[in-house]
1. Just 88, 244, 55 to compare: in a GNM of the chain, with alpha carbon springs under 10 Å, which one fluctuates most?
2. Among 69, 224, 82, which one shows the biggest mean-square fluctuation in a GNM of the chain, springs joining Cα atoms closer than 10 Å?
3. Taking other Cβ within 10 Å of each residue's Cβ, how do 299, 248 sort, fewest first?
4. Quick one: Cα centre-to-centre distance for the stretch 274-299 and the stretch 52-94, in angstrom?
5. Just going by the charge dipole of the chain, with Lys and Arg at +1 and Asp and Glu at -1 on Cβ, which of 202, 215, 129 is farthest out on the positive end?
6. With θ taken as phi - 60° and the coefficients 6.51, -1.76 and 1.60, list the Karplus ³J(HN,Hα) couplings across the stretch 159-176 in order, rounded to whole Hz; mark glycine and proline as x.
7. Against the longest alpha carbon principal axis of the chain, how many degrees, from 0 to 90 and to the nearest 10, is the axis of helix 268-277 turned?
8. Tabulate in residue order the Karplus-calculated ³J(HN,Hα) for the stretch 39-51, using 6.51 cos²θ - 1.76 cosθ + 1.60 with θ = phi - 60°, rounded to whole Hz; enter x for Gly and Pro.
Amino acid sequence: MARSSEFDLIRDCFSTGYPAASDLLLGIGDDCSLITPPADMELAQSIDTQVAGVHFPADAPPGLIAGRALRCATSDLAAMGAVPQGFHLALTLNNSEDWFLRDLAAGLRLTANTLNMPLLGGDTTYGEHLTITIAVQGWLPRGLGLRRDAARPGQDIWLTGKVGGAALILDDVLRDPTRDDQDTAPYYHPRVHLSFGHLLLSLATAAIDISDGLIQDTRHIANASGVVMNLDAEKIPTAVNGEHPRWHECLTGGDDYQLLFTAPADARERIEACALTAGLRECRIVGNVTAGDADVCVHKNNELLVFSKEGYTHFRS
């Protein structure tokens with residue numbers, strides 16, 4: 001059934017059922033949202049766009065895709081160490097049928113409650129391809145954000161857990177986009193490390209979430225900090241072991257949303273304690289930072305590995 005207007009769509013599907021924000025003065029239904037900023041806090045903001053046929057299968061269930069999109073966007077807050085404040089949603093819809101909109105809204109609402117992410121407002125339009133744009137924001141103490149430019153020689157490189165699960169299951173997802181089980185969970189339901197990211201504020205120096213591939217995203221820290229990031233492939237937790245023919249895809253495939261971060265050696269015990277508190281059983285040191293021209297070096301059995309592809313690249317010809 002077609003909706004009569006954008007206003008009916010917002011009222012029926014997106015105006016209720018989301019977590020409340022104590023600092024929100026004015027939310028959905030006006031020209032802007034109004035928020036009261038806490039004292040001595042900084043606002044972390046990020047935006048992410050997912051396009052059907054590019055970032056997810058065009059015929060995937062809308063509820064799964066909406067929930068995944070919110071998880072992917074919110075992971076940036078975890079990487080910065082921010083506590084979620086809320087999100088804005090912009091939708092380009094290619095289907096206005098009642099079931100489609102209700103399923104999309106239900107998936108988004110479920111994930112928003114899981115992550116404690118209030119919906120602050122948004123916009124909708126219609127177009128050829130389903131496109132979901134989510135702008136997230138969160139609070140963190142002034143001056144403590146986990147930037148990419150603060151890794152220093154002598155520090156450890158940590159990873160919160162396994163990489164490669166989403167990349168290795170992608171072919172199965174493309175064959176059957178409706179499949180929602182334990183095997184496809186790394187793709188559709190990536191864990192967002194919000195609580196652990198916030199615990200790292202006084203311990204880590206630099207951080208990033210692994211969205212485009214472990215090696216490529218590690219290079220972002222190397223370039224921003226002007227250091228060499230040395231990864232020990234034998235210490236990296238991966239979805240398959242190092243002898244598997246697709247093992248290299250674990251380091252380059254992306255969509256993992258694990259946190260990779262640097263920290264001084266004297267923070268090891270405290271980080272391990274925080275990982276236990278957050279239930280991260282595979283959080284571990286996977287390398288170290290050294291001085292030199294910005295680079296990422298991956299070693300396995302004392303040999304330097306060379307990858308023809310380091311991760312996902314946007315706007316490829």
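What follows draws every value from the coordinates through simple rules; no lab data is involved. Predicted, not measured: the structure shown is a model, and the values here were computed from it. All Cβ positions, even for glycine, are placed from backbone atoms using ideal geometry, and neighbour counts span all protein chains on display.
1. Judging by the Gaussian network model, the answer is 244.
2. Its mean-square fluctuation being the largest, the pick is 224.
3. With the fewest neighbours first, 299, 248 line up as 299, 248.
4. 26 Å
5. The Cα lying farthest towards the positive end belongs to 202.
6. Karplus values, whole Hz, x for Gly and Pro: 9, 6, x, 5, 10, x, x, 5, 5, 6, 9, 4, 4, 5, 4, 5, 6, 9.
7. Result, in degrees: 30.
8. 5, 6, 10, 10, 9, 8, 10, 8, 9, 9, 10, 10, 10
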